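Undergrad: Okay, handing you the structure first.
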Amino acid sequence: MTFAKKALLMLMAAALGAVAMWACGDGDGGQPTPVTREQAEREIEERLDELRQRWDELSRETGQMSEDARRRIESEIEELQRQLDDLRTAGDDRVDDIRSQIAEGLDRLERGLDDLERQIAPDTSR
């Protein structure tokens with residue numbers, strides 16, 4: 001066998017090996033494995049429950065919270081619950097969009113609770 005034929009065979013073997021390795025992988029280019037719909041619902045429920053508990057504790061701890069802040073937080077929680085209900089009944093084509101909206105809402109709610117805690121916390125810097 002000539003050198004050119006050997007080189008060609010080696011090149012073909014390397015290419016086939018690369019294709020085989022690619023085919024055996026999950027084909028997502030190293031991206032994180034997406035969670036199932038049920039896992040997403042469970043994680044969202046858990047985070048929403050944690051934020052609800054945090055809200056309940058905050059609202060019990062202080063009476064100095066403005067009615068506007070109270071309504072805003074409660075409205076955000078209700079909206080997130082509605083979106084979670086939508087996620088449960090949504091078609092597969094809408095799941096990712098709804099999950100993104102819920103994630104943004106959960107982050108917004110968490111930031112709102114953080115801000116509220118800072119506002120009502122006693123000033124310990126003195």
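Undergrad: Could you calculate the contour length gain from R54 to Q119, that is, 0.36 nm times the residue separation minus the distance between their Cα atoms, to one decimal place in nm? Provide the component values of the computation, followed by the final result.
TA: Values: separation 65, 0.36 × 65 = 23.40 nm, distance 1.50 nm.
Working it through step by step, the gained length comes to 21.9 nm.
Undergrad: Separate question: What is the diffusion coefficient of segment 39-119 in µm²/s, taking the Kirkwood radius over Cα pairs and the Stokes-Einstein relation at 37 °C with a viscosity of 0.692 mPa s?
TA: Working: Rh = 13.3 Å.
Translational D for this selection: 248 µm²/s.
Undergrad: When the chain is fully extended, how far beyond the present Cα-Cα distance does R42 get from D97, taking 0.36 nm per residue of separation?
TA: On the way: separation 55, 0.36 × 55 = 19.80 nm, distance 1.69 nm.
Residue separation times 0.36 nm, minus the Cα-Cα distance, leaves 18.1 nm.
Undergrad: Another one. Residue by residue, what Karplus-based ³J(HN,Hα) values in Hz, rounded to whole numbers, does segment 76-88 have, using 6.51, -1.76 and 1.60 with θ = phi - 60° and x for Gly and Pro?
TA: Values, residue by residue: 5, 5, 4, 5, 5, 5, 4, 5, 5, 4, 4, 4, 5 Hz.
Every read-out reported here was derived from the displayed coordinates using simple, explicitly stated rules and does not represent laboratory data. Computed from a predicted structure; not experimentally measured.
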